[in-house]
Structure formats: C-alpha cells, structure tokens
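Just below is one structure, and these are the notes that go with it.
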Amino acid sequence: MSTLDSVIVEINDHFWTYLLIPLVVGAGLYFTIRSRAVQLRLFPEMLRVLKDPAPASEDGRKPVSSFGAFTISAAARVGTGNVAGVATAISLGGAGAVFWMWAMALIGAASAFVESALAQLYKVRDADGTFRGGPAYYIQRGLGKRWFGVVFAVTITVTFGLVFNAVQSNTISAVAASSLPGQGSALNGVVGLALAGLLALTVFGGVRRIATVTQWLVPVMAVLYLLLGAVVVLLNVGDIPRVLADIVGGAFGFREVAAGSIGAAIQQGIRRGMFSNEAGLGSAPNAGAAAEVGHPVKQGLVQSLGVFFDTLVVCSMTAFIILTTNPELSGRQTADLTQSALVESLGGWAGHALSLIVFMLAFSSMIGNYYYGESNIEFITGRKWVLPGYRALVLIVTFLGALGSVSVVWNLADVFMGFMAMVNLIAILPLSTIAFRLLQDYQAQRREGLDPVFTVDRVPGMRGVDTWPPRRPEPAAAPAAEGARTTG
C-alpha cells in the first residue's frame, strides 16, 4: 500500500506542478480580465439574484430555484475539504497555503461564473420537467464534440460519485475513531454501513428530494461550524495578528511553518482550495443547470458567490481554528488536526461536536456528489439498468471508503480531480466568449432598469440551445383611440 501511495504522490506532484496549476491560474486570470472582474464588480448583484424565486411552473411541479441549486452545489462544496482539506494544506504547505487558497478563490470565482453560465445556457429538459446540464452538455452542444463530453461525463462520475464519496466516508470514519478511541475496525464498518444506508434513503428520491434535503441541511451545518469556530477565535483573539503574519509570511517564503516552503504552500493551497470550492473543476455547473432562472448569468453569479462562501468564510474559519491554537502539526493531516485544535481550546466536548458537524458536512457532500454522477450518466446513456447499478456502486464505495487508508484515498482524489479540471478548462476557454456575450446582455438589461430575461435572439449565432425561448413575445397591438375613428 505504501508503494502505491508513493507512486500516486509522484504522479500528482508532476501533474499539478507542471501542467494543472499553470492552467488553473492562467484560465482564472484570463476570465477575470475578460469579464472585467465580474466576481468583484457584481458582488451586490450576486446577493440580489440569490433571493430570486423560481418562475411558476406550468405543470404544477415545484421548480428548483437559484437558492435550491446553490445549496446542492454548496452541499458538495462545503464538505470535508473545509475541515480535513484545510488541515492537510496547512500540515503539508504551512500557514502560507491559506493565502494561496484565498488568492485562488478570488480569481477562481471568475472560472465558476463562466462554467455555470454556460451550463444554464446549454441545459436540457428531462421527461419530468426538471433540468440537467453541465460540462458534458456544453461540450457537446457548444463545441459539437460529444466524444469529449463523454470523457468528461465518465471522469466526473468516477471522481465525485465514487472517489470523492470515499473521501467523505473516510473522513467521517476517522473523526468517529478519534472521538471514540479503542473501537478498532469494527467502528469503521458500522460507520460505513450507516452512511451507505442513509445515502440510499436520499438518492433514490431524485433531484427534488436532493434539493429539499440540502436546502435545510447546508445552512444548519454551516452555522453550527461557524459558531464553534467563532468561539475559538474569540478565545484566542490576541493571536490573530500572529496568525495573519504567519499566513502572509509563509505564502511568500519569508519564513518556514511546519517545514513548508513557498512551493509547497502554493501547491497545497491550490490543490486543497480547488477540492473545497470546486472553481473551474466542472462540478458545480451540474447543480447550476438544475435551477430555473430568467437569465443564464444569474446562475453564474450565484455559483461565484458559492466559491467565496466556501473558501473565504468556511475554510478561513478552519484555518483560524488550527493556527490560533497552534497545535502540533507533525503526523496529522486531516480532520483530527482540526479536532485536536478544538479540544485544546474548548475541551473534550468540542471534539464530539466536530464529529457531528463533520458528519453533516460530509453527508451533504455525498448527496451532491451522487447527483453529479447521476446527471452525467443520463448524458452517457439512457439504458434503465445503468442508473440503479451506479447507485449500488456508490453505496458500496461509501462503505469501503470508511475502511480505507487516509493517505491513498486523498491522493487518488487529487489525481481524478486534476484530470477532471483539465478537461473542463480546455472546454470552457473557447466557449467563454459566449459567456461574456451573455454577461454583456445581462448588464445592458440591468442598465435599462429591467430584471434580465434571456431569449435566444438577444445573442445571435449560438447553436445547441433549445430550452430558452427564441424571442420575446410581440406586445399586443393597442386598440385605436375613439377620437381617431372616422365615419363615412
């Protein structure tokens, strides 16, 4: 197992250092410049759009609103990456890794805008009236390359439905073992079975049940975790200047923290940041496409907001929990590092509280991860036996993930995540021109004081768009005034 792990680490280091990090950073900067920093300019608009209700459905069903789609994607974003991922970044890359997580969130939000706006534009309607979409769909419809869309669909199904769900299950198991020491592998087996059972109850209900579950679960878990972290930070408020100095100093190599160099800080910050906020990864657009909004740009803005919430709020809280208590980093790389920091500040009860929170974080992520795979399986094939088979495989992997090695599971996640991001970014770079035309149309309507509504005729020359109205209905002719009538 150690040999396998070392091979995976070697592949990861070369792949991320020489190929993926330059691509992620370059694409994010390009989108930021071309959109004139849409993720910063239109931040107030993001908050306004998030409150928009879904349009009324003609068939009586309950549509997925912008907020509903936001919570599905947040359910996948706000997960163990926020607790275990940040801890791993700090333990391997030092406090400076946090700075690079922040930096990548700021420019990565532009990538999130582009991919989610495109997903809305090229979404398709299911037989039950709901929508689905994502990179596989905009690759086929926008670029005209179905084979490349299938490559992405297979990759995201394996990455999220299987590998990332194993990561979530593994993290829950590790935290449970830390809270209840001495139980051995039997506890891991019980945790794996319980998670598989609970996930089965949820995923067999479809996208509406997923949206319903995540719409109340995500806010509850986020508030609980942020409140717990706020107490720790307030108790150690005098250490905040030192923590900020460590983060900035470690980011630029001014000092070494936990043996982390500037290279390790950058690499770990970008890797763990992408695992957490998924900007440019191609996952959140699958949730964004499910929303029913008046203009594709609205969902692009909502998903950009999700990147900020995930990294600048939730991940930052984890970083401050760890760095203000300054625990011993050696030998710990996942959620148990955060757990020990909480116990040091608040006492043993905080460790058990984090176990509950990690369960909520990870379980909601598993729901979102499953949905991403389901949406892409429907793109690959319409055979009815495939989806039940996928569901069964997800449940098996969830169980096995609770029993697996922490290091191997996380390193495999890096490999699959990196390949998936590369495929998505290669696709959205040429398609981004369409996203920027959509943005121009949206802003033009806002300048006129309108609530933007998209029709295909507003951005001529697009192909593969069939779920948006072709043009605005012509206004009815006004009746002639009485005084204008003539008599014979």
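Things worth noting here:
- Highest average first, the peptides 117-123, 315-321 ordered by how many other beta carbon atoms sit within 10 Å of their residues are 117-123, 315-321.
- Surface composition of the range 79-122: carbon and sulfur make up 88 percent of the accessible area, probe 1.4 Å.
- Peptides 418-430, 444-456 ordered by packing proxy, namely the average of other Cβ atoms within 10 Å per residue, highest first: 418-430, 444-456.
- Stretched out straight at 0.36 nm per residue, the stretch from TRP385 to LEU226 would grow longer than its current Cα-Cα span by 53.0 nm.
- At R0 = 35 Å, FRET efficiency that the Cβ-Cβ distance of VAL237 and LEU40 yields, to 0.05: 0.80
- The separation of the range 269-322 from the range 415-436, counted between C-alpha centres, amounts to 15 Å.
- The range 349-388 and the range 106-152: distance between their alpha carbon centers, rounded to Å: 20 Å
- From most to least packed by mean Cβ count within 10 Å, the peptides 96-104, 435-443 give 96-104, 435-443.
The values are calculated or read from the model by the stated rules, or taken from the named source; none is laboratory data. Quick caveat: nothing in here was measured; it's all calculated off a predicted structure. Please note: Cβ atoms are built from the backbone with ideal geometry, for glycine as well, and neighbour counts cover all protein chains shown. All accessible areas refer to the heavy atoms of the entire protein, side chains included, with ligands and DNA or RNA removed. Shrake-Rupley method; radii C 1.70, N 1.55, O 1.52, S 1.80 Å.
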